[in-house]
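Asker: Quick one: the structure is below, and I'll ask about it shortly.
The values are calculated or read from the model by the stated rules, or taken from the named source; none is laboratory data. Only a predicted model underlies this, so the values are computations on that prediction, with no experimental measurement involved. A quick note on method: Cβ atoms are made from the backbone with ideal geometry, for glycine too, and the neighbour counts reach across all protein chains shown. To get the accessible areas, we keep the full protein, side chains included, count just its heavy atoms, and leave off ligands, DNA and RNA. Shrake-Rupley method; radii C 1.70, N 1.55, O 1.52, S 1.80 Å.
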Amino acid sequence: MPDTVDTDSDEEEEEEFDTDDLPPPPSVPLRKQRASVSAEAFGEWNQRVLFEPPVYPKSPDQREELLEVTSRSFLFTSLEQKDLQVVIDAMKGPLILEPGHRVIQEGDSGDALYVVTDGSMDCVKLIDGVELVVKTCFKGDLFGELALLYGCPRAASVQCRENAVLWELDRATFNNIVMEGVQRKRGQCLAVLEKVPLFAELTRGELENIIDALKIERHPAGSVIIRQGEVGEHFFIVYEGQVLATKVCESGAPPQMMVHEAGDYFGELALLHDAPRAASVVANTEPEACLLSMDRATFKRLMGSLQGFLENQCDRYG
């Protein structure tokens, strides 16, 4: 079995794999830029033909589970409902894997992405002649999409850590149904993040790394997003709408309240200081607030260079 490595110290090339917890590139004066999101070119020499996506039968429970997973993924949030149903129809599975089974080999061309609906998968990379685990994907995660987005070789191998269930989406369906929406959604998200002071000093490539790691969450008005005193596992950026943060003071003083609107962020204090949540936050927009979220491990990896800025901004909460 591969060894485990601290993801904070891996090399630059790992930025081109998967959406969540791979290690960040080191800060160096000259860095290789990630290729732009790829798109098929069509013309006289390459005629577009009518695409017929595959259809694999699924039970109602399987469809519901895949719909729940894809609705949280940045890749699929730009799709209309009918297109999302086409994508779910085209997912092949369930693929039932045993420990040690390798689905993706580092360096190969990418012809599919995968959704994990049970178990876990290790992402391993050859470093100094040794395969090291650089990330683990769990139920609800997907992997393999960056090779499709950027037309690049697989940046790491992926193998089954424990008994797992996967669903596979082929490149042709991805290119014909998903790609256009992804390009549009990435452009919209980039426009939002470029206006956030927190990200003002980042390059476009660094911003794209962050976008690849974000998940979209939709919270109905009045629903609780985080509770004061609980352990914090996620960092949030308000994408659409607004949320209301309320801090109850032990001294009996009136609660402190703060509204976060599109472009604002919250939840970083618990991750920076390994402390309980300092306030409760609820969705404050009808019918819902739309957030971009990042888990703790990804926050530590991708936001490390911004820690000084975040620490200096802590006093904004009063």
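Asker: When the stretch 155-168 is examined, which residues are found to be open to solvent by less than 10 Å² (accessible area, probe 1.4 Å) and either part of a loop (DSSP other than H, G, I, E, B) or touching a helix residue (DSSP H, G or I) at 6+ places or on another chain (Cβ under 6 Å) (or both)?
Answerer: A156
Asker: Against the definition (open to solvent by 40 Å² or more (accessible area, probe 1.4 Å) and either over 23 Å from T77 (Cα atoms) or over 19 Å from the mean Cα position of the chain (by Cα) (or both)), how does V130 come out, yes or no?
Answerer: Here the answer is yes, as V130 does meet what is asked.
Asker: Please go through the stretch 85-125 and pick out each residue that is among the aliphatic types (A, V, I, L, M) and either in contact with an Asp or Glu (Cβ under 8 Å, 6 or more places away or on another chain) or open to solvent by less than 10 Å² (accessible area, probe 1.4 Å) (or both).
Answerer: Scanning the stretch 85-125 gives V87, I88, A90, M91, L95, I104, A112, L113, V115, V116, M121, V124.
Asker: How many residues does the stretch 209-227 contain that are modelled with pLDDT of 80 or more and open to solvent by 10 Å² or more (accessible area, probe 1.4 Å)?
Answerer: Residues meeting the conditions: 12.
Asker: Test E250 against the criterion of being in a loop (DSSP other than H, G, I, E, B) and at pLDDT 90 or above, and give yes or no.
Answerer: Details: in a loop (DSSP other than H, G, I, E, B): yes; at pLDDT 90 or above: no.
Criteria not met by E250.
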